[in-house]
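Worksheet for the structure shown next.
The values are calculated or read from the model by the stated rules, or taken from the named source; none is laboratory data. Just so we're clear, the structure is a prediction, and the values are computed from it rather than from any experiment. SASA here: full protein model, heavy atoms, side chains in, ligands and nucleic acids out. Shrake-Rupley method; radii C 1.70, N 1.55, O 1.52, S 1.80 Å.
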Amino acid sequence: GGGLRVPRLARLAVGAVVEGSRFDPEGTVVVTGGTGVLGRLVARHLVEVHGVRHLLLLSRSGGSAPELAAEVTVRA
């Protein structure tokens, strides 16, 4: 409606539940170290177990992970 929107990061309290789920299905989950071994495991877990649909994988090395992106992409 012509308004300005700015995304913000928000920390959830330990054990916090958002609308019956730990993750907002419309929100984005940021995974730091997302292209490393542990980051890949976390990304897969978030998608498979928690139904996360929007991931932002961050990496210090700037490495890309096209195979991981293809693997965790939700197919309609």
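If you count only protein heavy atoms and use a 1.4 Å probe, how large is the accessible surface of Arg44, to the nearest 10 Å²?
About 60 Å², rounded to the nearest 10.
Would you mind calculating the gained length between His50 and Thr73 on full extension (0.36 nm times residue separation, minus the Cα-Cα distance), in nm to one decimal?
That pair, His50 and Thr73, stretches by 6.9 nm at full extension.
So if each residue of separation counts as 0.36 nm, and I subtract the Cα-Cα distance between Leu41 and Val6, what length gain in nm does that give?
9.6 nm
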